[in-house]
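Q: One structure, as structure tokens, below. Some questions next.
The values are calculated or read from the model by the stated rules, or taken from the named source; none is laboratory data. Predicted model only: the values in this text are computed from it and were never measured. Quick reminder, even Gly has a Cβ in these numbers, built from the backbone with ideal geometry, and neighbours come from all protein chains shown. Please note that ligands, DNA and RNA were not included when accessible areas were found on the heavy atoms of the full protein model with its side chains. Shrake-Rupley method; radii C 1.70, N 1.55, O 1.52, S 1.80 Å.
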Amino acid sequence: MSASTRTDGLRIPETVTAVREHFESGATRSLSARIRHLHALRAMLTDNEAAFEAALWSDLHKSPAQAQLTELNVVVAEINHTLRHLRRWARPKRGPVPLTLLPGRARLVSEPLGVVLVIAPWNYPVQLLLNPLVGVLAAGNTAVLKPSELAPATASLITRLVPRYFPQGAVRTVEGGVPEATELLAQRFDHIVFTGSGAVGRVVMRAAAEHLTPVTLELGGKSPVWFDNDADLPAVARRLAWAKFTNAGQTCIAPDYVMTTPDRVPALVTALKDAIGDLWGADPRAGREYGRIVNEHQFDRLVGYLGDTDVVIGGEHDRGERYLAPTVVTLPDGGRAAVGPRAAHPVLREEIFGPVLPILPVASAEEAVTVINAWDKPLALYVFTSSPRIRRLFEQHTSSGAVVHNAALVHAAASGLPFGGVGPSGIGAYHGLYSWRSFSHLKPVLAKPLRPDTLGLAQPPFTARGVRLLRRLMRHG
Ligand code: NAD
């Protein structure tokens, strides 16, 4: 089977052509078709919960509870939110008309973009493929989905289910890795939603530029944590440990590293140890709730960090099982306060994307701000403090995809908030209304009656009086 031959017998260009023809037939444009597609997507998830749970267990050792909490329910919630608001979003809105163009009427009409390509990573292989699809379908588009080859059970399940729930062809999948993704990216799409690394994000954007295709890039990076909240340390540590070690740390918005003052490090370590024990037991490997590293390459990279650091919690690992315990590290020289490519320690040089949490002591919250601003804008920033002044300091003096106070990860579950990065952590945002905006074209429709012919004033020959009047009207706005 050649790289471009699909299981449905179609080659990649033919698949994309079929999905485009379906879009051009107009079958996905009506509100009723959009609602039908959202119901179909919801049914695909709810009818096959057990199959999804089994696939996620096989790919990532995600327990059924984790599968429900972090994958299936997230998409179902997004569908329900969208169904609740879709009619209002879709209604044409009245647009303002300036004095100079009166009489006239303007409407703002949302129209679908066309065929949208969704490329997803392996870490939340259901959520990150199907959550964008909710907005894509709500906006009346058709879609080609490219699931990650590194979550093969989930990818093949979705590929089997899609034709059953979208028999007319509004959605099609293309399975595969780099060769297939490359061939896909050579096709023309009307929008591309890519979730993954910055390195591949650049490849996607270059390919999109060939066709002038707009992109939404959901990328990664090192999401920092500031901690100075001594008041309720056990609660803070529990939230932090949960956010970091869920899915074995393989979450784009997982806390990457924690900054705090040196005097707080011992108490934080003790509290994190207790929290990890409470959440995953004395031996997380034995339980069903703790995940595994996706492959040996990633496992080796993560275990490699441990050699350069002082392991203060965890560190146990087993390559055969790709198990790496929830691990907290400090840095031998206390850690020079720097992150990014010039950092002294490898664990501070790149996104960790695994269950290793370094604690970086800094002199003050102001120094933490300097550390953050010295490198790429992060996808998320988490601030655990009871001080309104410190909250404002981080909000006003740093830039990140999102800021969350006294919690982490949870903003991703808010369908009403835009989800995305800024600068190197991403371009564009989605979820709820923001998906609608990203995957629709907002078209102004302006209607101007032929009589009275007020445009005559703007056409030659001009009179001095006419120009003066026009100037007054135009400057009025
Ligand atoms: P990745 O960039 O390696 O792969 C993502 C997708 O791109 C996969 O479907 C893969 O097949 C495809 N791909 C890989 N190489 C390609 C190429 N040369 N040309 C075209 N397509 C290619 O990312 P990953 O390892 O699956 O995920 C980890 C990264 O994703 C981390 O950086 C993480 O922070 C980021 N991430 C971001 C979000 C977010 O919502 N912002 C969510 C999850 C993961």
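Q: Using a cut-off of 15 Å between beta-carbons, work out the net charge of the residues near Gln66 (Lys and Arg +1, Asp and Glu -1, Gln66 not included).
A: -1
Q: Another one. For the range 226-236, in order, what is each residue's ³J(HN,Hα) by Karplus, 6.51 cos²θ - 1.76 cosθ + 1.60 with θ = phi - 60°, in whole Hz (x at glycine and Pro)?
A: Going residue by residue, I get 10, 9, 9, 8, 7, 4, 10, 4, x, 5, 4 Hz, with x marking Gly and Pro.
Q: Ranking request for peptides 88-97, 12-21: highest mean number of other beta-carbon atoms within 10 Å first, then the rest in descending order.
A: In descending order of packing, they fall as 12-21, 88-97.
Q: Still on this structure, please answer the following. So what J values fall out for the range 10-15 if you push phi through Karplus, 6.51 cos²θ - 1.76 cosθ + 1.60 with θ = phi - 60°, rounded to Hz, Gly and Pro as x?
A: Along the range 10-15, the couplings run 8, 7, 4, x, 5, 4 Hz.
Q: Over the Cα atoms of the chain, what Rg and Dmax result, in angstrom?
A: 25.5, 88
Q: Where does each of 112-119, 171-178 land if you order them by average Cβ count within 10 Å, highest first?
A: Top of the packing list down: 112-119, 171-178.
Q: Given the range 202-257, what whole percent of its Cα pairs are spread farther than 16 Å?
A: 59 percent
Q: Let me ask you something else. ³J(HN,Hα) across the range 165-170 via Karplus (A = 6.51, B = -1.76, C = 1.60, θ = phi - 60°), whole Hz, x for Gly/Pro?
A: Working through the residues one at a time gives 9, 10, x, 6, x, 5 Hz.
Q: Take each of the peptides 461-471, 390-400, 320-330, 232-242, average the number of other beta-carbon atoms within 10 Å over its residues, and list them starting from the highest.
A: Descending packing order for the listed peptides: 320-330, 232-242, 390-400, 461-471.
Q: Say R0 is 60 Å: what FRET efficiency, to the nearest 0.05, do Val311 and Ala414 get from their beta-carbon distance?
A: After rounding, the FRET efficiency stands at 0.95.
Q: On a C-alpha basis, how far is the centre of the range 146-177 from the centre of the range 91-109 in Å? Whole number, if you could?
A: The two parts, judged by their Cα centres, are 43 Å apart.
Q: Rounded to the nearest percent, how much of the accessible area of the range 82-144 (1.4 Å probe, protein heavy atoms only) is carbon and sulfur?
A: So the carbon and sulfur contribution to the accessible surface is 55 percent.
Q: Can you list residues whose amide H is under 5 Å from Arg11's amide H, if they're 5+ apart or on another chain and H is modeled 1.01 Å from N?
A: So Arg11 has HN proximity to Arg6.
Q: Considering only Cα-Cα distances, which of the following residue pairs are longer than 20 Å: Lys62/Lys222; Lys93/Lys448; Lys222/Lys377; Lys146/Lys377; Lys222/Lys244; Lys93/Lys443?
A: From the list (Lys62/Lys222; Lys93/Lys448; Lys222/Lys377; Lys146/Lys377; Lys222/Lys244; Lys93/Lys443), the Cα-Cα distance tops 20 Å for Lys62/Lys222; Lys146/Lys377.
Q: With every atom except the alpha carbons ignored, what do you get for Rg and Dmax of the range 295-447, in angstroms?
A: In Å, with Rg to one decimal and Dmax whole: 18.9, 70.
Q: Let me ask something else. Using only alpha carbons, build the gyration tensor for the range 224-360 and give me the equivalent ellipsoid semi-axes, biggest first, whole Å.
A: Over the Cα atoms of the range 224-360, the ellipsoid semi-axes are 21, 19, 12 Å.
Q: Consider all pairwise Cα distances in the range 242-320 and report the whole-number % of them above 22 Å.
A: Every Cα pair in the range 242-320 considered, those over 22 Å come to 27 percent.
Q: Run lengths n ≥ 4 of DSSP H only: what is the helix-derived mean residue ellipticity at 222 nm for the chain, with -39500 (n - 2.57) per run over all residues, to the nearest 500?
A: Mean residue ellipticity, 222 nm, calculated: -12500 deg cm²/dmol.
Q: List the residues, sorted by chain then number, that are 5 or more residues from Ile313 or on another chain and whose placed amide H is less than 5 Å from its amide H.
A: Val328
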